[in-house]
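The values are calculated or read from the model by the stated rules, or taken from the named source; none is laboratory data. Remember, predicted model here, so these are calculated numbers, not experimental data. A quick note on method: Cβ atoms are made from the backbone with ideal geometry, for glycine too, and the neighbour counts reach across all protein chains shown.
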Amino acid sequence: MVVNSRVLDRDTVIRYNSRAAGPFLIFLLVVAYAELWLVEHTKGQHWGTYLGQLVGSEAVLLFAVALVLMSSTRWVESLFAGLDRAAIWHRTSAITGTVLLVVHALVTQSSHATRLGKPLGVVGAFGIFGLVAWAMLPRWRQIVPRFLQSPINALTSTRPGRWVDRMFNGYNLWRNVHRLLGLFVAAGIVHAVMDSTVFGGNGVLRWSLIGIGAVGIAFYLYRELFARFFIQVHRYKVTSVTPIVGRDAHVITLEPQARPIEFVAGQWAIISIETKEGWSRNPFTISSSDRDGDLSITVKALGDFTSTVDQLVKPGMPAAVDGPHGRFDRQKGTSQQVWIGAGVGITPFLSWARSLEDDLGVNRVDFYVTSRGRSPFADELEAIAADHPNLHLHVIDTSVDGHLTPEPVLDQVPDPTRLSVFLCGPQKMTAQFGDAFRRAGVIPVNIHFEYFNWR
């Protein structure tokens with residue numbers, strides 16, 4: 001039974017895990033496709049070559065899944081409980097498919113390569129390798145051995161190094177090049193159909209691969225060519241760009257020019273702004289109240305656009321808002337809640353706090369705001385907390401108090417099994433707190449994350 005915390009007693013512990021539906025479906029597809037290949041194997045076929053081509057076909061399946069998730073349709077968002085999680089599984093599917101592609105290349109040896117099929121396979125493979133490697137660049141410290149990290153850091157601190165780092169870590173350039181994925185996958189599919197030694201005498205395997213590939217390419221073409229005609233975009237105008245004192249961040253306020261976007265506090269949107277250098281498109285969590293007419297977003301310097309927002313964005317510039325998206329909703333929680341916002345991760349909680357009505361709707365919320373230096377939003381949040389007795393605000397200045405750890409948070413919780421936790425901040429911090437809460441007895445489905453680094 002699906003438990004709806006909006007209509008049932010808020011003391012009910014939410015046990016239904018809708019987040020598992022999408023990943024479980026991917027797992028079923030991979031297993032079912034492997035089973036089909038094993039059933040279709042006939043006597044006399046060389047097992048090494050056959051398994052190599054099975055692995056290659058599984059790679060095609062995972063890339064097709066990645067293209068479906070890349071389409072960002074509403075049912076994808078529902079199936080994965082948010083586009084941020086769909087983006088994580090898009091990345092996981094693509095990386096896993098790339099690993100299988102390497103295995104396929106090493107294991108499979110065919111003397112039946114065609115004139116067109118072989119070069120298409122090479123182009124597709126190297127194109128995919130390049131895109132996956134680029135997508136993993138922001139996590140290079142997790143991959144590169146420690147003894148190489150100091151020289152790389154030294155190089156990236158030079159002027160040319162900073163330029164290269166900004167170019168390849170920038171969201172907009174990466175996104176535009178990443179859109180080529182469908183073309184490389186299509187090249188790989190044509191290669192598989194033309195050069196496979198298995199498909200010649202097996203129509204089931206041939207047409208199943210063509211069908212899988214066709215679904216992935218269809219979703220890719222929808223996203224690239226037709227989605228713009230179905231997605232409602234709201235027109236806005238920039239009214240202010242305000243620097244946050246003592247922070248490498250700005251607050252951008254947008255005024256609707258027609259019907260405003262309707263969102264739930266904590267959601268995000270894809271916001272395009274026509275800057276001095278052309279249109280820039282980025283996902284941002286909305287920080288304003290869901291009752292305000294204007295939209296506010298908090299922009300921290302992290303990439304190409306966000307690092308120069310004060311130079312590129314000026315009042316009066318047109319903007320387009322696509323959304324809302326996201327399932328980071330406090331109404332999904334139980335009557336005992338913990339909110340933890342670290343650094344720019346405070347943004348969805350700002351929207352929550354600014355949207356609160358007289359009745360908080362829960363027994364107790366412990367809201368932890370942690371940053372280096374006193375949070376620039378501390379005074380505003382303290383005023384909101386003063387009007388809501390059930391909202392207990394904890395402002396942590398890490399330069400004075402040290403980093404927040406899970407232990408003092410859990411000390412405030414009488415029964416972890418009835419607790420809901422909402423986390424937004426650096427990935428390392430959210431992983432540490434998530435593990436600690438699970439060990440303390442918090443039900444995993446009641447631990448909610450907001451992912452804002454999709455690459």
> Filter the stretch 111-126 for residues that are surrounded by fewer than 16 Cβ atoms within 10 Å (Cβ to Cβ) and of a type in the set (G, A, S); which is farthest from V193 (Cα to Cα)?
Replying inline: S111
> Hey, among G373, G361, which residue is part of a loop (DSSP other than H, G, I, E, B) and closer than 21 Å to P243 by Cα?
Replying inline: G373
>> Are there strands (runs of 3 or more DSSP E) fully within the stretch 273-349 with at least 1 residues that are without any contact (Cβ under 8 Å) to a residue 24 or more places away in the chain and either among the aromatic types (F, W, Y) or assigned by TED's automatic domain parsing to the domain that holds V362 (or both)? List them.
In response: 278-285
> What do you reckon, is D322 surrounded by fewer than 22 Cβ atoms within 10 Å (Cβ to Cβ) and modelled with pLDDT of 90 or more?
Replying inline: yes
> Restricting the search to the stretch 202-235, which residues are small (G, A, S) and under 24 Å from E35 (Cα atoms)?
Replying inline: G203, S208, G211, G213, A214, G216
> Checking L360 against (1) more than 26 Å from the chain's Cα centre (by Cα); (2) farther than 17 Å from S335 by Cα, which test does it fail?
Replying inline: (2)
>> Checking Y451 against (1) touching a Lys or Arg at 6+ places or on another chain (Cβ under 9 Å); (2) more than 26 Å from K300 (Cβ to Cβ), only one condition comes out false. Which one?
In response: (2)
> Any idea which residue in the stretch 37-77 is surrounded by the fewest Cβ atoms within 10 Å (Cβ to Cβ), counting only those that are among the polar types (S, T, N, Q) and farther than 23 Å from L181 by Cβ?
Replying inline: T42
> Quick one: would you say G161 is part of a helix (DSSP H, G or I), farther than 30 Å from F449 by Cβ, at pLDDT below 75 and small (G, A, S)?
Replying inline: yes
>> Among the numbered criteria (1) over 23 Å from the mean Cα position of the chain (by Cα); (2) acidic (D, E); (3) at pLDDT below 85, which one does D304 miss?
In response: (1)
> Among the residues of the stretch 89-104, which ones are of a type in the set (A, V, I, L, M) and touching a residue at least 40 places away in the same chain (Cβ under 8 Å)?
Replying inline: A94, I95, L100, L101, V103
>> Based on this model, can you work out whether F422 counts as part of a helix (DSSP H, G or I), surrounded by 17 or more Cβ atoms within 10 Å (Cβ to Cβ) and under 24 Å from the mean Cα position of the chain (by Cα)?
In response: no
